[in-house]
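*Asks:* Quick one: the structure is below, questions incoming.
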Amino acid sequence: IMVETRLHKAIENGELAVHYQPQIDLSTSALAGAEALLRWENDLGYISPGEFIPIAEETGLIIPIGEWVIRQACRHSKEFRAHGLEPFPISVNISTKQIMNPSFIPRLKEILLDEQMTPELLTLEITESALLFYEDAKENIDELRQLGIGISIDDFGVGYSSLSMIKDIEMDELKIDQRFLNDALESKRVHSLLKTIIKIGKVLKAKVVVEGVETAEQLELLMSRGIYGQGFFYSRALPAQEFEKWYWKYY
Ligand code: G
Ligand code: G
Ligand code: MN
Ligand code: NA
């Protein structure tokens with residue numbers, strides 16, 4: 001209850017912020033995108049999205065909060081370009097509750113218009129489990145893709161029925177859950193599995209992003225495969241201004 005009450009006011013109190021974590025083209029080391037990650041800090045301290053997103057979902061607050069995140073991402077995208085950064089897509093995490101809401105696509109279109117956002121620079125990250133029990137999933141995903149918005153399947157490999165889902169739904173990007181890379185150095189079996197999942201992404205002609213790149217040794221495993229990486233090795237998620245500083249340091 002406490003968290004819910006505070007979350008209600010979090011947007012208007014300016015306690016929420018969207019941070020950005022870079023995604024790197026591992027063949028060229030170019031910046032290929034950024035994931036928008038929501039942060040909530042108030043007088044009680046920092047509360048992780050792992051804690052408050054489930055509450056936002058239960059209470060329905062995820063709808064206004066989710067729209068706010070998309071709007072912020074569009075604004076920051078415009079700002080980054082105005083400041084001379086090469087255009088790159090921003091990925092926003094979308095909850096099941098959001099994508100299943102009938103107003104989701106109309107509201108999204110409004111936001112894109114309001115913010116003069118190029119749809120091609122927006123990607124939506126959806127978990128496979130989110131789509132599993134959702135009847136209109138395929139139709140809506142197709143419509144979003146027709147608008148030019150990218151669709152990314154997040155945490156790929158840890159939900160169930162993954163393979164049947166990617167059989168039916170076309171996507172632009174596959175994000176391989178970090179636990180595969182985590183174990184790939186210690187286990188030949190997991191390493192082979194990781195390589196096979198990467199091949200699945202390639203067969204689907206999706207951009208393959210491996211999550212949780214933390215060390216140079218892990219990066220070594222992933223190089224020269226025409227894929228993308230995201231993780232603390234490059235940077236944690238940074239506030240927009242710090243993200244720009246990070247960018248100018250490397251590019
Ligand atoms: O950044 P971090 O590891 O703390 O994120 C924890 C979880 O919260 C991740 O699963 C991430 O996808 C989720 N998350 C972060 N930001 C958002 C957001 O804006 N919307 C939704 N729905 N989930 C988010
Ligand atoms: O569920 P999703 O993939 O959206 O969540 C992304 C989460 O992973 C974020 O909370 C982010 O902070 C976290 N993350 C990003 N890079 C790394 C990393 O290299 N190692 C670990 N352990 N977590 C990471
Ligand atoms: Mn994600
Ligand atoms: Na993920």
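The values are calculated or read from the model by the stated rules, or taken from the named source; none is laboratory data. Keep in mind that what you see is a predicted model, and the values were worked out from it rather than measured. Note that each Cβ is placed from the backbone with ideal geometry, even for glycine, and that neighbours are counted across all protein chains shown.
*Asks:* Within region 218-242, take every residue that is part of a loop (DSSP other than H, G, I, E, B) and more than 15 Å from ligand 1 (Cβ to nearest atom) and give me the one that is nearest to GLU125 (Cα to Cα).
*Replies:* ILE227
*Asks:* Of GLU125, GLU120, which residue is acidic (Asp, Glu), surrounded by 17 or more Cβ atoms within 10 Å (Cβ to Cβ) and at pLDDT 95 or above?
*Replies:* Exactly one residue qualifies, and that residue is GLU125.
*Asks:* Now for a separate question. Within region 74-116, which residues are in a helix (DSSP H, G or I), more than 29 Å from GLY50 (Cβ to Cβ) and not charged (D, E, K, R)?
*Replies:* ALA82, PRO106, LEU113
*Asks:* Any idea how many residues of region 120-170 are assigned to a strand (DSSP E or B) and of a type in the set (Asp, Glu)?
*Replies:* The number of residues fulfilling the criteria is 3.
*Asks:* Check off (1) free of Cβ contacts under 8 Å to residues at least 24 places away in the same chain; (2) in a strand (DSSP E or B); (3) under 26 Å from ILE227 (Cβ atoms) for THR28 and give me the number that stays unchecked.
*Replies:* (2)
*Asks:* Can you tell me which residue among ALA82, ALA34 is within 25 Å of ASP114 (Cα to Cα), within 16 Å of ligand 1 (Cβ to nearest atom) and either crowded, with 19+ Cβ neighbours inside 10 Å or not basic (Lys, Arg) (or both)? Before you say what the answer is, go through the steps one by one.
*Replies:* Details: ALA82 fails: within 16 Å of ligand 1 (Cβ to nearest atom).
The match here is ALA34.
*Asks:* Only one residue in LEU181, LEU174, LEU194, LEU185 is surrounded by 18 or more Cβ atoms within 10 Å (Cβ to Cβ) and more than 16 Å from ligand 3 (Cβ to nearest atom). Which one?
*Replies:* Within the list LEU181, LEU174, LEU194, LEU185, the selection yields LEU194.
*Asks:* Which condition breaks for LYS97 when tested against (1) away from ligand 1 (no atom under 11 Å from the Cβ); (2) modelled with pLDDT under 95?
*Replies:* Here LYS97 clears every test but (1).
*Asks:* Considering GLY33, GLY66, GLY50, which residue is within 16 Å of ligand 4 (Cβ to nearest atom) and assigned to a helix (DSSP H, G or I)?
*Replies:* Answer to the check: GLY50.
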